[in-house]
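> Following this message is one structure expressed as structure tokens.
The values are calculated or read from the model by the stated rules, or taken from the named source; none is laboratory data. Nothing here was measured: the structure is a model prediction, and the numbers come from that model. Cβ: placed from backbone, ideal geometry, glycine included. Neighbour counts: every protein chain shown.
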Amino acid sequence: MEIPYTTTARPDTGLYNAKLGIWLFLASEVMLFGGLFSAYVLLRVGAPEGFWPHGWLSVTLGTVNTLILALSAITTLLAWVACKVGDFRKFKMFHAFTLLLALTFLCVKSYEYHDKWIHYEIHLKDGRIADGHLEEQDDQTVTILGRIIPGDQEQLLYDLRSQKNIPKDEIKLDRSNILKMENYGPRHNTFTAIYFTMTGLHALHILGGCVVIGFLWGPGTRMWKTDHERFTNRIEISGLFWHFVDLVWIFLFPVLYLT
Amino acid sequence: MSDTTSTSTSVDIKSTARLCGVVLFVIACTTAVMIYTSFQPFGWPAKVALILGVAVVNAFLVASYLMHLLSEKKMVFIVGFFTVCFFISLMGLTVWAMQDFPVGTTK
């Protein structure tokens, strides 16, 4: 039995199956990310004055990722147009670019995650706080590249934007003087928790998109010859998903990196 | 595999690439505006409103030109309408919840 409306539009909706399906899926995705944005707003507004991080994330890397994703949205559109006009070589080229840009985005994101993972806040027994990137550690000592601040000036750790050229020194700490040592992972505070949740979910979407785009670029191209119109529709559907992922980032970037 | 197929279409790569170039340029400019704004000494609410306003312009560009929302069928608009209604309600609930405290307590 042949499935109807895989390429032709249903008379009542004016859309083929997959297109209606992807729009319904994207609507559910808006609800998923909407819930997280809502959680962010509550956490942000509920944070005590001066204790919400500013300048913890690299605006430069965030901007680079914004442009990478915008460019990949364009190459995926061009891949679809190449499909429409029947230019196989250009389709392969544009889709390969999309895949490369997506992987570059993930690499940049991984670098940012790693940077947070090796960044430690160390509470010392004398009340002071050491903050910086872990250089090396052994059973006796921990060495970080950062600074030490008095315990009553913890707020300095939150607003990095207002502090220009923070001095960084190599600091060797004796483990016997350390009270608590914690990296800037998801459990560090509510900001890192929501940051890793939102960007992690977004990165998973990028990864999922890579799998689909990779399939359509590689083994999936068999359909180019057997059912070209359906293949073109698949490219359009994957493109719509990709644009949505770009849309989410368009809001994630200012919310997490700039405000 | 053949390099060409016989698909009749009204789109062409060059004109789409030109349009995409314009969209990319505008997105880059608006992103620069957002970053510039974030470093200005405005009050936090004004800054957030301005930055999110620019982000909405960016989102509009992507949705209308790259996702072809401007030329979509009525059904897509209906789905979009309900989605936007949900999103606004969700954010409205969030704002409402921020003013809602148990009886006898204050913020």
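> Give the residue, chosen from A:Asp159, A:Asp152, that is on the phi < 0 side of the Ramachandran plot, within 27 Å of the chain's Cα centre (by Cα) and assigned by TED's automatic domain parsing to the domain that holds A:Arg128.
The match here is A:Asp159.
> Right, something else. Can you confirm whether segment A:209-220 contains a residue that is small (Gly, Ala, Ser) and not in a helix (DSSP H, G or I)?
Within segment A:209-220, one or more residues are small (Gly, Ala, Ser) and not in a helix (DSSP H, G or I).
> Cβ-Cβ distance below 9 Å, separation of 6 or more or different chains: which pairs start in segment B:52-67 with a residue that is of a type in the set (Val, Ile, Thr) and end on one that is not in a helix (DSSP H, G or I)?
none
> Scan segment A:3-23 for residues that are at negative phi and surrounded by 14 or more Cβ atoms within 10 Å (Cβ to Cβ) and report the count.
The qualifying residues number 13.
> Of everything in segment A:72-103 that's in contact with a helix residue (DSSP H, G or I) (Cβ under 7 Å, 6 or more places away or on another chain), at the interface with another protein chain (Cβ under 9 Å from one of its Cβ atoms) and in contact (Cβ under 8 Å) with a residue 60 or more places away in the chain, which residue is surrounded by the fewest Cβ atoms within 10 Å (Cβ to Cβ)?
Here the residue is A:Phe88.
> Would you say A:Thr226 is farther than 20 Å from A:Leu20 by Cα and over 27 Å from the mean Cα position of the chain (by Cα)?
yes
> Among the residues in segment A:34-50, are any touching a residue at least 24 places away in the same chain (Cβ under 8 Å), of a type in the set (S, T, N, Q) and either within 11 Å of another protein chain (Cβ to nearest Cβ) or crowded, with 18+ Cβ neighbours inside 10 Å (or both)?
no
> From the list A:Val211, A:Val248, which residue is of a type in the set (A, V, I, L, M, F, W, C), under 18 Å from the mean Cα position of the chain (by Cα) and more than 10 Å from chain B (Cβ to nearest Cβ)?
Residue meeting the stated conditions: A:Val211.
> Which of the residues belonging to segment A:1-33 are at the interface with another protein chain (Cβ under 10 Å from one of its Cβ atoms), of a type in the set (A, V, I, L, M, F, W, C) and assigned to a loop (DSSP other than H, G, I, E, B)?
A:Ala9, A:Leu15
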